[in-house]
1. With respect to the numbered conditions (1) over 17 Å from the mean Cα position of the chain (by Cα); (2) modelled with pLDDT under 90; (3) buried (at least 16 other Cβ atoms within 10 Å of the Cβ); (4) on the phi < 0 side of the Ramachandran plot, which one is the sole condition not fulfilled by S216?
2. Would you mind finding the one in S211, S216, S253 that is part of a helix (DSSP H, G or I) and either touching a residue at least 60 places away in the same chain (Cβ under 8 Å) or assigned by TED's automatic domain parsing to the domain that holds R327 (or both)?
3. Listed residues R187, R182, R223; which is of a type in the set (D, E, K, R), part of a strand (DSSP E or B), at pLDDT 90 or above and more than 30 Å from F289 (Cα to Cα)?
4. Out of all the residues in the stretch 197-204, is one or more assigned to a loop (DSSP other than H, G, I, E, B) and surrounded by fewer than 20 Cβ atoms within 10 Å (Cβ to Cβ)?
5. So which residues in the stretch 348-361 are part of a loop (DSSP other than H, G, I, E, B) and in contact (Cβ under 8 Å) with a residue 24 or more places away in the chain, if there are any at all?
6. Any idea which of F301, F296, F336 is on the phi < 0 side of the Ramachandran plot, among the hydrophobic types (A, V, I, L, M, F, W, C) and assigned to a strand (DSSP E or B)?
7. On the given criteria, is S207 modelled with pLDDT under 90 and of a type in the set (S, T, Y)?
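The values are calculated or read from the model by the stated rules, or taken from the named source; none is laboratory data. Everything quoted here is computed from the prediction, not taken from an experiment. All Cβ positions, even for glycine, are placed from backbone atoms using ideal geometry, and neighbour counts span all protein chains on display.
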Amino acid sequence: AAKIRLCILASPHLRHERALPLTFHLLAPHAVPHVRFVNPAMVVLTVTHEAIDRLAKLFRQMRAPSNLGALNLPLEIILMIATHLDKCALVSLALTCQSLYGLWERRGLSLTLAEKETLLLLLEKDTPVLYYCHYCTKLHRWHGRWRRSIAPWYEESLLCKRSLDKHLYLPLTCHIPYYYARLVMNRHFYGSKHSLPLHVLNERARSCTHSDGVVSSATQHVRIFNDQLLVLSVISLTHLRGDSVSLRSHVDSYGHSVCEHLTLSQGCPNSVPIQLSELAEKGNEPSKFMACGPAFGSCTFCLTDYSINITWQGARKGYNIEVVVHRGLGDCRTPFNWHWRTISTRDSAEELRSEHSPDYRPGSIRDQWNKAEGIAEITDGEWRRAI
């Protein structure tokens, strides 16, 4: 068979304008007598015309007006901007619209795990219905029912069950899953179209009458001050018939937690959590309490301040115990930072609050809460470290 080598434009892409050889095999006339000979010049003309049409169409698409907003610029300017972007910003830019996505050279761009996290955080900021999960390095859609309250919806449609590991969970006192805190702070940082409103973390007064006659109640309120999430819990304990012995037994056995390191119950004498000294048994009448208040204290490990009031209401009502707890959760940008780790886990090997920052003196979280409420006064009374 005779060979005729022709040159056509082999690629319609912008960066490849060189001609490549194309080989045609023409069989001898005696082999296939009914095959009509094709003029090679016509082949060149037809193929070249098709390639030019594709190139022209591509140029028209790239230069056609598109809904790019502030980026509705000439192609050369966009490419010039792209040369100054890092990988994560470049991918984020390419994903903004179809026109820019076509310019992204996907095959030559790979991201490390840290770069992938940075990219997903950028996309989270631009996508109100999604939140970033630090455990599986993915973006998840949050459930609409989470707008109502924390319980009982907090596990519904939770795509990553590993995120349940880092909850702030103090039974009957304070319950805030990390991803709830993140969504609330996303709204604070990124705007009202994002995520969850602050009030979903508020818990109305929960009151319970126990079989031993003790009545306990707890409320939870939240504030944001200086880009930090603050939590206020108020705990109250009394007895229906003023029975001090039953109240003492209940507190020592089932007392609420102040934080992972402090508790109202007897706790552990040589390790955390330990009992508040104001509630510890004293003197010859261990069944009773020592009236006090308000007495102030703070945790040595985490950002928890508290005040306690123990009042005698007479023989009919007995003692009333009220504990006000202020907690600082930080900016909630990751469950692995110092603020969230110390408030949600019981690791006494963590860096102490005074070592982490001189601003975290005893009483500082209570003062921040007061400032958020418009109260300028500094905490009155003697602050002491509970541990």
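1. S216 satisfies all of (1) over 17 Å from the mean Cα position of the chain (by Cα); (2) modelled with pLDDT under 90; (3) buried (at least 16 other Cβ atoms within 10 Å of the Cβ); (4) on the phi < 0 side of the Ramachandran plot except (2).
2. S253
3. R223
4. yes
5. Within the stretch 348-361, S348, E350, L352, Y360 qualify.
6. That would be F296, the only listed residue that is on the phi < 0 side of the Ramachandran plot, among the hydrophobic types (A, V, I, L, M, F, W, C) and assigned to a strand (DSSP E or B).
7. The answer is yes for S207.
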